[in-house]
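Accompanying notes for the structure given below.
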Amino acid sequence: MPTAVDDLRIDGSRLHRRIEALGLIGAVHGPNGERGCARLALTDADRDARDLVVTWMRDLGLTVEIDRIGNVFATLPGTEPELAPVMTGSHIDTVATGGRFDGNLGVLAGLEVLETLITNGITPRRGVTVAFFTDEEGARFAPDMLGSLVYVGGLALEDALDIRAADDDARLGDELDRIGYSGALPVPAVSFPHSYVELHIEQGPILEDAGIEIGVVEGVQGISWTELTISGRSAHAGTTPMHLRRDPLLVAARIAGFVRDLTGELGGDQVGTVGRLDVHPNLVNVVAATVTMTVDVRNTDESLLQDAERRLAEFVATVADEEQVDVRSRTLARFEPVEFDPAMVDVVELAARRLGHSTRRMPSGAGHDAQMLARVCPSAMIFTPSVDGLSHNIAEYTAPDDVEAGANVLLHVLLERAGLG
Ligand code: GLV
Ligand code: MN
Ligand code: MN
């Protein structure tokens, strides 16, 4: 007897096994049993992870296609090939101190949905595509969501290929060639999906604190990344009187303090982070010569985000003047807040409730490929809880039941969008 479609469920243990297997590539172990991932975009580890996921895709008989920025797509054809497919996916690159769920869950749950359809002999009207997008994290090559941004036409391919790595200055295009993932499909894509839905861990504490099983994501907050290169005068720590110093590290410290104060002043959803500080020459008895730092500010409200950016720029100019240093500022990423398609959001909520899950509508604090896809097709996201709200941390964890619940919601949203019969 074929399974009634309403009763269809993914295989949680198969999904779990794939998450564990992919998590072994670039695995990082913590002192308390934490198991995370260091799989920066376009490194050897990223290549090995890509190869494994592509093997799984091919093992299911899916045709795998790769575009010129290295995004990978595998499609289960529908019964009506002239219809645009529905798409799901996410990313498999991680930050250097990442977990094994961020991004990976969305890709592997998408694959699990396809396997569930195949093994149950279900062919929807529209094809269903599972994708993984290049360099979502932006930790090695800024901006974040780079692959999906290029896919939708928000960044020219040639400009993207020329971006340099934050760690070793490698050129993105060269790294893509080196790992063998410079594909043939043109970017921007010649046609876009009918709709896009992405399953992702929440990466914050809201669902866990509220005891809610599924987050229905209504949008993504705006993101602004700035890199500041501060140049002063390197000098002897013992002999240089304080009034003669031009100390870029002191300026960086004042900026970091300002960013924290600013979030307090603006209140609400404003967040701000100084996450990277490169100090030269970084020696105990030398006033630093240069400091490169990053500032990440985010808000769900575009005008408040602009206010934060303006105040930051004013403070940087003032402190640079006071301390007699030069500051060069470069925007690494800038994305306005995104609202997902209300009808798609409703579909997610309904599917989750039909499956008996508690739900909560919420914005996303993190950036996601879905916010880029939202530029070209109706898009939405499903969140599952993160233990202790932790992510971008090797202790990141989402319980198997939550993983399974999220993947089943994904299955039913995709079925509803792809249509049957
Ligand atoms: C990227 O995933 C970010 O939110 O920083
Ligand atoms: Mn992610
Ligand atoms: Mn991430």
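The values are calculated or read from the model by the stated rules, or taken from the named source; none is laboratory data. This one's a predicted model, so the numbers in the text were calculated from it and none came from an experiment. Every residue, glycine as well, gets a Cβ built from its backbone with ideal geometry; the counts of neighbours run over all protein chains shown. The accessibility values were calculated without ligands, DNA or RNA, using every heavy atom of the protein model including side chains. Shrake-Rupley method; radii C 1.70, N 1.55, O 1.52, S 1.80 Å.
Listed values, structure above:
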{"quantity": "Residue, nearest to ligand 1 (Cβ to nearest atom), within the range 153-178, restricted to residues that are open to solvent by 10 Å² or more (accessible area, probe 1.4 Å) and closer than 22 Å to residue 54 by Cα", "calculated": "175"}
{"quantity": "Single match in 242, 293 (criterion: open to solvent by 70 Å² or more (accessible area, probe 1.4 Å) and modelled with pLDDT of 95 or more)", "calculated": "242"}
{"quantity": "Neighbours by Cβ (under 7 Å, 6+ apart or cross-chain): first from the range 226-250, assigned to a helix (DSSP H, G or I); second of a type in the set (Asp, Glu)", "calculated": "250/323"}
{"quantity": "Verdict on residue 201 being within 16 Å of ligand 2 (Cβ to nearest atom) and either open to solvent by 10 Å² or more (accessible area, probe 1.4 Å) or among the hydrophobic types (A, V, I, L, M, F, W, C) (or both)", "calculated": "yes"}
{"quantity": "Number of the condition not met by residue 367 [criteria: (1) surrounded by fewer than 17 Cβ atoms within 10 Å (Cβ to Cβ); (2) within 16 Å of ligand 2 (Cβ to nearest atom); (3) small (Gly, Ala, Ser)]", "calculated": "(1)"}
{"quantity": "From the options 34, 80, 65, residue that is touching a Phe, Trp or Tyr at 6+ places or on another chain (Cβ under 6 Å) and surrounded by fewer than 23 Cβ atoms within 10 Å (Cβ to Cβ)", "calculated": "65"}
{"quantity": "Members of the range 59-91 found to be of a type in the set (Ser, Thr, Tyr), away from ligand 3 (no atom under 16 Å from the Cβ) and in a strand (DSSP E or B), listed by number", "calculated": "63, 75, 88"}
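Yes or no, residue by residue, for (1) assigned to a helix (DSSP H, G or I); (2) within 22 Å of residue 196 (Cβ to Cβ):
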position	(1), (2)
28	no, no
36	no, no
40	no, no
45	yes, no
57	yes, yes
